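Encoded as structure tokens, the structure appears first; notes follow it.
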Amino acid sequence: MAFDVSGDAYDRFMGRYSRELAPVFADFAEIGLAGTVVDVGCGSGILTEELAGRLGAEQVAAADPSPLVEACAARVPGADVRKGAAEALPWPDDSFDAALAQLVLHFLDDPVAGLVEMGRVVRPGGVVAASSWNFSEMLLVRTFWQAARSVVPAAPSETLEVASLEGFAELGRRAGLEDVEPAPLEVSSRYESFDELWDSFQLGVGPAGDFCASLDPEQRNAVRDKYRRRIGDPEGSFTLGAEAWALRGRVPS
Ligand SMILES: C[S@@+](CC[C@H](N)C(=O)[O-])C[C@H]1O[C@@H](n2cnc3c(N)ncnc32)[C@H](O)[C@@H]1O
């Protein structure tokens, strides 16, 4: 299972990007210094921690269906952290002022249904916000699947069902949210060496980590070499950029 990993493994692979994204996404979602919020698909709790820093842990709840939820509970003592999926959140209607989902919608079979459920637990007039990778501008993952397909043509990919920022915002409108605003959010991560990057794929995190683990050693080395070439054969440190699409809307009053 792609997220049956330790919080540390998650943080080394994807969490390094989540950490950059969390404050920018929380600002975009208009999370200030008051109110209650739920972090949906909280993973190891990087956004949860950002929210607790603003609002106080007692004002923050979080849910995730994977074992990573335990890392979140340990990271943010005092928050109401529960095992649960976006499609069936374990809280009653109108429980929060806001619901946020960072890098989660592309894992849902039905992202609109997930947004509807987030809206259910938010009071009328409250905020529902989500962000997801624009995979064509997320170099870490895009490069991996390009390299993987050049070695294993049948390799899968990671995509979102929409092809533009406006299409992403449309998911919010289809979920019945009002005043939906989209925004591109830019982040990046610095690696000290190519080995640091490649080692992070060996931790089994997410669909790319899962796929990497399924390769035989020869295939894995071939993907590694293609990857390295695609990012310009870096010697020493380098930075990879990524863009997330975000939407923010209000639950109708
Ligand atoms: C890329 S991680 C993002 C984690 C965290 N939000 C962050 O920003 O670091 C994707 C997360 O979505 C979770 N997830 C997968 N399916 C889900 C579902 N149906 N409902 C809620 N979360 C889900 C995974 O368990 C994983 O923790």
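The values are calculated or read from the model by the stated rules, or taken from the named source; none is laboratory data. Note that the structure is predicted; figures quoted are calculated from it, not measured. All Cβ positions, glycine included, derive from the backbone under ideal geometry; neighbour counts span all protein chains shown. Surface accessibility is based on the protein's heavy atoms, side chains included, excluding ligands, DNA and RNA. Shrake-Rupley method; radii C 1.70, N 1.55, O 1.52, S 1.80 Å.
In the chain, what % of DSSP beta bridges are antiparallel (nearest 5)? Could the numbers behind the result be given before it?
On the way: 19 of 36 bridges.
Percent antiparallel among DSSP bridges in the chain is about 55.
From most to least packed by mean Cβ count within 10 Å, the peptides 145-151, 27-33 give 145-151, 27-33.
Distance from the C-alpha centroid of segment 41-88 to that of segment 150-172: 26 Å, rounded to the whole angstrom. Taking Pro207, Pro92, Pro67 in turn, the Gaussian network model of the chain (Cα-Cα springs below 10 Å) assigns the largest fluctuation to Pro92.
Of the residues Val37, Val116, the one with the largest accessible area comes first in the ranking Val116, Val37, computed with a 1.4 Å probe on protein heavy atoms. Just the protein heavy atoms count here, and of the accessible area of the chain at 1.4 Å, carbon and sulfur take up 48 percent. Summary of packing: across the peptides 176-187, 103-114, the per-residue average of other C-beta atoms within 10 Å ranks them, highest first, as 103-114, 176-187. Averaged per residue, segment 128-170 has 38 square angstrom of accessible surface, using a 1.4 angstrom probe with ligands and nucleic acids left out.
Only helices enter this figure: runs of n ≥ 4 DSSP H residues, each worth -39500 (n - 2.57), summed and divided by the residues of the chain, yield -11500 deg cm²/dmol at 222 nm to the nearest 500.
Computed over the chain, the alpha-carbon pair-distance distribution with 5 angstrom bins reads 1, 6, 14, 18, 19, 16, 11, 7, 4, 2, 0, 0, each value a whole percent. Each peptide in 231-237, 220-226 receives the mean, over its residues, of other Cβ atoms within 10 Å, and ordering these scores from highest gives 220-226, 231-237.
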